[in-house]
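Here's the structure, in structure tokens; my notes come after.
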Amino acid sequence: MKIAMITASGVGARTHQDIPKQFLCVHDKPVFMYTLEAFQYHPQIDEICVVILPGWEALLDAYAKQFNITKLKIVVHGGATGQESIYNGLRAIYEAHKDDKDAVVLIHDGVRPMVSEEIISKNLEVFEKYGNAITSIPCAEVAMNSPDKKKANEVIDRECIQRTQTPQAFYLEEAMSAHETAKKNGWTGITAMPALWAMLGKTVYFSEGSEKNLKITTVDDLDIFKSLLLSKRASWLK
């Protein structure tokens with residue numbers, strides 16, 4: 001069983017809109033419906049779980065019916081932090097599939113609507129080989145260490161940097177156990193699974209992502225997303 005867990009419980013403060021960014025419509029479709037469709041139509045995904053803001057369940061249900069998201073089986077409220085939201089989602093999935101020791105969960109940001117079938121497939125390929133997989137891309141820019149974000153005098157070797165994206169695939173039981181350990185040890189502020197894996201002294205393995213697999217955080221990202229939806233690669237480019 002392979003379950004996609006879509007996190008869509010952020011308030012979207014940096015877009016400065018009256019509704020959460022995942023519910024903003026682009027070409028008459030909410031942003032996170034593009035995300036759900038990617039997993040709905042992927043042949044290796046069996047179920048979808050959505051972690052959502054309290055009070056938005058009815059709208060999610062209406063949109064799921066409108067866009068025929070039949071794999072949506074679990075809806076759970078997010079928490080006060082990203083870490084809590086992921087834990088809530090994992091716990092709900094675990095309760096539904098705790099007898100399946102081989103269950104796999106792919107954690108994905110609801111506001112990464114350009115995730116492709118190829119990205120999901122490559123993530124699962126790496127998972128099958130190593131037991132976990134983190135979608136990532138290399139760092140193309142010069143990276144500098146700047147604790148105060150105002151100045152810097154230290155360059156970080158970009159050849160050693162991977163920018164993580166989602167989806168991120170793990171065995172459900174292992175992911176649940178990792179978050180239980182974090183709760184037991186009082187670890188907070190963990191915004192993504194790779195950070196937790198590193199805290200546990202474990203190795204993560206990278207699958208190939210894409211610059212197009214952007215996370216919509218600001219209104220500029222929305223503009224880029226709209227352009228990407230309308231863009232078509234020239235036939236002479238490979």
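The values are calculated or read from the model by the stated rules, or taken from the named source; none is laboratory data. On a predicted model such as this, the values are computed, not experimentally measured, just so you know. Neighbour counts are summed over all protein chains in view; Cβ atoms, including those assigned to glycine, are modelled from backbone coordinates with ideal geometry. Remember, those area values only see protein heavy atoms, side chains included, never the ligands or the DNA or RNA. Shrake-Rupley method; radii C 1.70, N 1.55, O 1.52, S 1.80 Å.
Net charge near W187: determine it from the other residues with C-beta under 15 Å of the C-beta of W187, scoring Lys and Arg +1 and Asp and Glu -1. Charge balance in the 15 Å sphere: +1. With semi-axes defined as the square roots of five times the eigenvalues of the C-alpha gyration tensor, the equivalent ellipsoid of region 91-144 measures 27, 14, 12 Å, largest first. Given the pairs K149/K212; K183/K226; K71/K212, which are separated by over 31 angstrom at their Cα positions? Exceeds cut-off: K183/K226. When a/c reaches 1.5 or more, the comparison of a/b and b/c decides; with that in mind, is region 92-238 rounded, prolate or oblate per its Cα gyration tensor? Since a/c reaches 1.5 but b/c is at least a/b, the shape of region 92-238 is classed as oblate.
Accessible area per residue for region 148-238, computed on protein heavy atoms with a 1.4 Å probe, is 68 Å². Using +1 at the Cβ of each Lys and Arg and -1 at the Cβ of each Asp and Glu in the chain, identify which of Y130, A175, Y34 lies farthest towards the dipole's positive end. Going by the charge dipole, the pick is Y34.
Heavy-atom surface analysis with a 1.4 Å probe gives the chain a carbon and sulfur content of 50 percent of its accessible area. Quick one: grab the alpha carbon gyration tensor of region 63-126, order the square roots of its eigenvalues as a ≥ b ≥ c, and give me rounded if a/c is under 1.5, else prolate or oblate depending on whether a/b is larger than b/c. Taking the square roots of the gyration eigenvalues as a ≥ b ≥ c, region 63-126 is rounded.
For region 177-238, which GluC sites (Glu not before Pro) are both in a DSSP coil and crowded by at most 15 other Cβ atoms within 10 Å?
Answer by residue number: E211.
Could you calculate the FRET efficiency of Q44 with K215 from 1/(1 + (r/R0)^6), where r is the beta carbon distance between them and R0 is 35 Å, rounded to 0.05? Once the sixth-power term is evaluated, E becomes 0.95.
Between E118, E47, E95, the residue with the greatest mean-square fluctuation in the GNM of the chain (Cα pairs under 10 Å linked by springs) is E95. Within the chain, antiparallel bridges make up roughly 40 percent of the DSSP beta bridges whose residues both belong there. Basic side chains Lys and Arg get +1 at the Cβ, acidic Asp and Glu get -1 at the Cβ, and with that the dipole of region 43-177 about its Cα centre reaches some 420 debye.
Of all aspartates and glutamates in the structure, the ones whose alpha carbon falls short of 16 Å from that of K65, not counting any fewer than 8 places away in one chain, are D28, E37, E47, E57.
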